[in-house]
Amino acid sequence: MKSLRPIEIIGGGLAGLSLGLALRRQGVPVSVSEAGSYPRHRVCGEFIAGLSDSTVAQLGLAPFLSDALQHHEVSWFLEGKLARRQHLPSPARALSRYRLDARLANAFVEAGGSLQTQARVCVGQAKAGCVLTTGRRRTTSPSIGLKIHALNLPLECDLELHLGAESYIGLTRVENGRVNVCGLFRRRELVAQGAALIIDYLRAAKLTVLADRLAGADFDGESFSAVAAVGFDQHVPANCSFTLGDACAMIPPFTGNGMAMAFQSAAAALDPLLSYTRGEAEWPTTCAVVQTTLENCFRLRLATAKVLHPFVLEPVRQRWLTRLSRAHLLPLRPLYFALH
Ligand SMILES: Cc1cc2nc3c(=O)[nH]c(=O)nc-3n(C[C@H](O)[C@H](O)[C@H](O)COP(=O)(O)OP(=O)(O)OC[C@H]3O[C@@H](n4cnc5c(N)ncnc54)[C@H](O)[C@@H]3O)c2cc1C
């Protein structure tokens with residue numbers, strides 16, 4: 001039998017690991033290089049909206065998501081008050097990245113994949129067989145993302161989304177009674193650490209009611225994580241470079257769709273990569289096919305998210321959004337489908 005060409009994946013997040021695992025299951029020689037290690041907490045709302053059953057089936061993700069919580073409702077809060085309760089057209093899943101990424105990494109190794117952790121690869125010239133799943137790219141954005149798990153925090157709803165001054169923060173239940181607290185804020189010169197830093201950011205964003213609520217909670221200090229310079233755009237890959245997940249395009253987190261997009265992009269790349277490994281297609285064609293598929297697949301949701309993002313970030317537009325929503329003039333259902 002003719003041997004399969006190898007695939008090298010740089011970045012062991014959701015896109016890289018799920019793709020690596022799916023390729024290994026087809027017998028492809030795959031290596032994944034990951035700058036960090038597992039398990040690890042990551043800045044992420046841990047709310048997976050818009051992940052279709054077909055993507056789950058194509059990548060064989062069901063065993064890793066079997067204990068994910070199913071969430072049906074989102075409550076939107078403005079200035080500490082409930083503005084609108086939204087019933088999701090299809091349930092979202094919630095599971096910590098601490099669990100999810102480690103499960104995928106273990107399964108990849110068990111399937112015979114070669115996984116190198118603590119291995120930051122210098123990404124240079126595009127080369128045949130090399131897939132970049134290195135996550136979000138550094139930008140000049142003034143935004144910072146913060147996250148921590150709270151241990152005893154009652155919620156009013158599956159996902160509470162609080163809009164503050166140039167910021168928003170989501171609270172959602174994940175496994176073991178934990179509540180993931182994760183927000184996107186305008187970066188400020190604040191010196192506290194861990195939960196205290198998040199609470200200070202909430203106060204700076206005029207989310208005082210929520211800050212007081214969190215001040216009374218217990219936290220898993222180990223779960224605190226932060227990322228700076230979070231920006232959202234679509235990357236046009238250079239010739240023959242092959243990017244998936246956030247490395248290709250990052251959607252604003254309020255959509256809860258970034259993880260689904262990472263998986264979806266891995267699923268879209270699977271068949272073209274299999275053709276390449278079997279020698280049925282060359283690398284430039286494979287790159288072009290996948291890039292076109294991803295552009296078609298994500299164009300509408302990225303454009304919609306780009307238009308809506310200022311409305312969840314900026315106080316004046318937030319008020320307009322709330323007024324429209326309270327008057328039931330906001331087409332939440334069509335917007336949900338445009339974003340997922
Ligand atoms: C504040 C915030 C909240 C979010 N909330 C949600 C949410 O609720 N729901 C949702 O669906 N999405 C959310 N997202 C987005 C979601 O986290 C991402 O879309 C998702 O993680 C993308 O997966 P990925 O595999 O592309 O990248 P990642 O999961 O980021 O993985 C990339 C990996 O590549 C590694 N890496 C980077 N460079 C190198 C290198 N040179 N060499 C080797 N390894 C490298 C990194 O260490 C990392 O492990 C949120 C994002 C932010 C910032």
Legend entry - Flag if residue 28 is outside any helix (DSSP H, G or I), crowded, with 16+ Cβ neighbours inside 10 Å, β-branched (Val, Ile, Thr) and under 19 Å from the mean Cα position of the chain (by Cα): no
Inset, instruction - Search the range 121-153 for residues being among the aliphatic types (A, V, I, L, M) and part of a strand (DSSP E or B), and hand back the single one that is nearest to residue 226 (Cα to Cα). - result: 146
Inset, instruction - Output the number of residues of the range 1-22 satisfying the condition of being at pLDDT below 95 and either closer than 14 Å to residue 133 by Cα or not hydrophobic (A, V, I, L, M, F, W, C) (or both). - result: 2
Inset, instruction - Hey, could you check the range 168-219 for residues that are β-branched (Val, Ile, Thr) and assigned to a loop (DSSP other than H, G, I, E, B) and say which is surrounded by the fewest Cβ atoms within 10 Å (Cβ to Cβ)? - result: 191
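Please determine whether any residue of the range 108-120 is closer than 27 Å to residue 315 by Cβ and either within 14 Å of the ligand (Cβ to nearest atom) or not in a loop (DSSP other than H, G, I, E, B) (or both). Give the derivation first.
Step one: of the range 108-120, the residues closer than 27 Å to residue 315 by Cβ are none.
No.
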Inset, instruction - Go over the candidates 267, 217 one by one and state the one that is modelled with pLDDT of 95 or more and within 16 Å of the ligand (Cβ to nearest atom). - result: 267
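Within the range 43-74, which residues are within 18 Å of residue 183 (Cα to Cα) and either of a type in the set (Val, Ile, Thr) or touching a Leu at 6+ places or on another chain (Cβ under 6 Å) (or both)? Explain how you work it out, then say what you get.
Here is the first cut: in the range 43-74, the ones within 18 Å of residue 183 (Cα to Cα) are 43-49, 74.
Within the range 43-74, 43, 47, 48, 74 qualify.
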Inset, instruction - Could you check how many residues of the range 40-56 are under 30 Å from residue 5 (Cβ atoms) and loosely packed, with under 15 Cβ neighbours inside 10 Å? - result: 2
Legend entry - Any chance residue 37 is more than 21 Å from residue 222 (Cβ to Cβ), in contact (Cβ under 8 Å) with a residue 40 or more places away in the chain and out of contact with any His (no Cβ under 8 Å at 6 or more places or on another chain): no
Inset, instruction - Consider only pairs whose beta carbons are under 8 Å apart and that are at least six residues apart or on different chains; among these, list those whose first residue lies in the range 140-161 and is among the polar types (S, T, N, Q) and whose second residue is at pLDDT 90 or above and surrounded by fewer than 19 Cβ atoms within 10 Å (Cβ to Cβ). - result: 143/186; 143/187; 152/177; 152/217; 152/218
Inset, instruction - Report whether or not residue 136 is at pLDDT below 95 and within 19 Å of the chain's Cα centre (by Cα). - result: yes
Inset, instruction - For the range 1-25, name all the residues that are surrounded by 24 or more Cβ atoms within 10 Å (Cβ to Cβ), more than 17 Å from the chain's Cα centre (by Cα) and among the hydroxyl-bearing types (Ser, Thr, Tyr). - result: none
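Please pick out the residue among 256, 231 that is on the phi > 0 side of the Ramachandran plot and in contact (Cβ under 8 Å) with a residue 24 or more places away in the chain.
The conditions single out 256.
Given the criteria within 15 Å of the ligand (Cβ to nearest atom) and either touching a Phe, Trp or Tyr at 6+ places or on another chain (Cβ under 8 Å) or charged (D, E, K, R) (or both), does residue 93 qualify?
Considered against the rule, which asks whether it is within 15 Å of the ligand (Cβ to nearest atom) and either touching a Phe, Trp or Tyr at 6+ places or on another chain (Cβ under 8 Å) or charged (D, E, K, R) (or both), residue 93 comes out as yes.
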Legend entry - Qualifying position, being of a type in the set (S, T, N, Q) and surrounded by fewer than 16 Cβ atoms within 10 Å (Cβ to Cβ), among 37, 33: 37
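The values are calculated or read from the model by the stated rules, or taken from the named source; none is laboratory data. Just so it is clear, the structure is predicted and the values come from calculations on it, not from any experiment. Every residue, glycine as well, gets a Cβ built from its backbone with ideal geometry; the counts of neighbours run over all protein chains shown.
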